[in-house]
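Notes for the one structure printed next.
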Amino acid sequence: MNSQATTPSRPADTISTDLERRVVALNYHYAQCLDDGRLKEWPDFFTDDCRYLIHSRENLDCGLEGYWLYFENKPMLRDRVVSLTDVNIFHIHHERRFVTNVLVTGRDGDVWLARSNYMMMHTNNEGRSKIFSIGEYRDRIVDEGGVLRFRERLVVVDTFTVESHISNPI
């Protein structure tokens, strides 16, 4: 058995170590931006023609649409930020996102395909923490002038229900 063998979904000759490092950094910076409450910067992680979707695993597995959130361009992301910062009222809490197992799985034209796991924790104003959501990111990433951006971020949520509404991006 060849211990150097690659999986069919990840040919070694097309994915560089540098690209993998940059995709990991993109995910970590994304999580840190949201954890720090810098919502106005969130759309900058996406291309102008992006899609950001939150979809339950159950609906995805059954071939159903039923997205929890669906945005199909950067202006829609910006509108969400305005809604969150200027309009909506929700309970005070702090968030932490943990991103693991980041893997570039292939390429589709000029788009890199990547997957990673996430866990999002909420801590209320009394200091109690709980798991808010667990799932997977399925990303389509492009290089825009040396800067990696999400063309599409599909958030596949394993936790079918959440105790409170989804206010901030996952």
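When each of the peptides 14-22, 152-160 is scored by how many other beta carbons lie within 10 Å of its residues on average, the order from highest to lowest is 152-160, 14-22.
Computed extension gain for ASN73 through GLN32, at 0.36 nm per residue and net of the alpha carbon distance, reaches 12.6 nm. One chain, two ends: ASN125 and GLU65. Fully extended at 0.36 nm per residue, the span grows by 18.1 nm beyond their Cα-Cα distance. Of the whole protein surface, TRP68 contributes about 80 Å² of accessible area at a 1.4 Å probe radius. Highest mean packing first, where packing is the average number of other Cβ atoms within 10 Å per residue, the peptides 61-67, 77-83 line up as 77-83, 61-67.
What the Cα atoms of the stretch 13-101 give is an Rg and a Dmax of 15.4, 50 Å. Grouping the Cα pair distances of the chain into 5 Å bins from zero gives a pair-distance distribution of 1, 8, 16, 20, 21, 15, 9, 5, 3, 1, 0, 0 percent in increasing distance order.
Take each peptide in 101-111, 122-132, count the other Cβ atoms within 10 Å of every residue, and average; sorted highest first, the result is 101-111, 122-132.
Helix 17-35 and the longest principal axis of the C-alpha atoms of the chain enclose an angle of approximately 0°.
LEU64 sits among other residues whose Cβ lies under 13 Å from its own Cβ, and their net charge, with Lys and Arg +1 and Asp and Glu -1, is -2.
Between the stretch 117-170 and the stretch 53-81, how far is it from one alpha carbon centroid to the other, in angstrom? So the separation of the two Cα centres works out to 12 Å.
The values are calculated or read from the model by the stated rules, or taken from the named source; none is laboratory data. Small disclaimer: the values here were computed from a predicted structure and weren't measured. With ideal geometry, Cβ positions are generated from the backbone for all residues, glycine too; neighbour counts draw on all protein chains shown. With ligands, DNA and RNA removed, areas are computed over all heavy atoms of the protein, side chains included. Shrake-Rupley method; radii C 1.70, N 1.55, O 1.52, S 1.80 Å.
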